[in-house]
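Would you mind keeping the following structure in view while I ask a few things?
What follows is calculated from the coordinates using simple rules that are stated; it is not laboratory data. The structure presented is a predicted model; accordingly, all values stated were derived computationally and were not measured. Cβ: placed from backbone, ideal geometry, glycine included. Neighbour counts: every protein chain shown.
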Amino acid sequence: MNSVLNTLPSSFYQGTDVVRIARELLGKVIVTNFNGIRTSGIITETEAYAGATDKASHAHGGKRTARNEPMYAAGGIAYVYLCYGIHHLFNVVTNVTGVPHAVLVRAMHPTTGLPTMKERRGSDTLTTAGPGTLTQALGIRTDHSGTDLSSGLIRLEDHGITVTPSHVIVGPRIGIDYAGPDALLPYRFRIAPSHLL
DNA sequence: CAGCAGATTGACT
DNA sequence: GTCAATCTGCTGC
């Protein structure tokens, strides 16, 4: 395979189909570079949040607060927020200015800087199986909300990894039962466990 | 202004 | 399986 290693272009994020973008983020690489330390991993699980029409979204009904303001910006930046007062959840903002679509990154397969990630997690066993632990391993905090995803701090890259449809499991999203019918939407994508390293 | 619920995790019964 | 930890924002008095 060719050694493809490109930072994703803004056109990738600014498409109008947030569900498709969530699907295409599988296999992409998320990289952070804090204090000169690089950590990265391959994205293995995502969820789409379709803005104003999506009951599970923070921007449901056009809700707009200081916290979710980054969601209304043009695609290509990070939206990080605090959940339950403890966990930092990392989202990729998509679509154009004024349309608050975003993709939640729930899990990844660690590739670079494993010792650093274990240290940040304070655990010998590195798990990145949840959205909260993933941000902890990468060192992402709410301070990074609004950060440009082509910047030096947080970046998404295409390493030429192709995820074929047969390896993708599509299903309803997690932890949003309160959203009624919207909780059943097939907005969750993950790489089949049998296909992980 | 008090109370509660949430895109979660980890420790304990 | 149950439950506390702890911040943001909405609801209701």
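Determine the relative contact order of the range A:3-195: mean sequence separation of Cα pairs under 8 Å and six or more apart, normalised by residue count, in whole percent.
28 percent
With n ≥ 4 as the cut-off for DSSP H runs, can you work out [θ] at 222 nm for chain A, using -39500 (n - 2.57) per run divided by the number of residues, rounded to the nearest 500?
Using -39500 (n - 2.57) per qualifying helix, the result is -3500 deg cm²/dmol.
Let me ask something else about it. Among A:LEU156, A:HIS101, A:ILE176, which residue has its Cα furthest toward the positive end of the charge dipole of chain A, with +1 on Lys/Arg Cβ and -1 on Asp/Glu Cβ?
A:ILE176
Checking the a/c ratio against 1.5 first, then a/b against b/c, what shape does the Cα gyration tensor give for chain A?
rounded
Could you work out which residue, out of A:LEU89, A:LEU134, A:LEU185, moves most in a Gaussian network model of chain A, that is, has the largest mean-square fluctuation with Cα springs under 10 Å?
Answer for the Gaussian network model of chain A: A:LEU185.
Report the label-to-label distance for A:ILE169 and A:LYS118 in nanometres (one decimal), using points 7 Å from each Cα along the Cα→Cβ vector.
Those two pseudo-labels are separated by 2.7 nm.
What size of dipole, in debye to the nearest 20, comes out for chain A about its Cα centre when the only charges are +1 on Lys and Arg C-beta atoms and -1 on Asp and Glu C-beta atoms?
180 debye
Next up: Can you give me the C-alpha center-to-center distance between the range A:100-127 and the range A:15-33, rounded to a whole angstrom?
Going from one Cα centre to the other spans 16 Å.
Here's another thing I want to ask about it. Which FRET efficiency, nearest 0.05, do A:ARG38 and A:THR125 yield, Cβ-Cβ r, R0 22 Å?
0.55
So which residue, out of A:HIS88, A:HIS109, A:HIS60, gets the largest mean-square fluctuation from a GNM of chain A using Cα contacts under 10 Å as springs?
Maximum fluctuation in the GNM of chain A, among the listed residues, is at A:HIS60.
Now, a different point. Given +1 on the Cβ of Lys and Arg, -1 on the Cβ of Asp and Glu, and no further charges, what dipole in debye does the range A:56-155 carry about its Cα centre, rounded to the nearest 20?
It comes to approximately 140 debye.
OK, next. Starting at the first residue of the range A:123-138, write each ³J(HN,Hα) from the Karplus equation 6.51 cos²θ - 1.76 cosθ + 1.60 with θ = phi - 60°, in whole Hz, x for Gly and Pro.
Using θ = phi - 60°, the values come out as 9, 6, 9, 8, 10, 10, 7, x, x, x, 6, 5, 5, 5, 5, 7 Hz.
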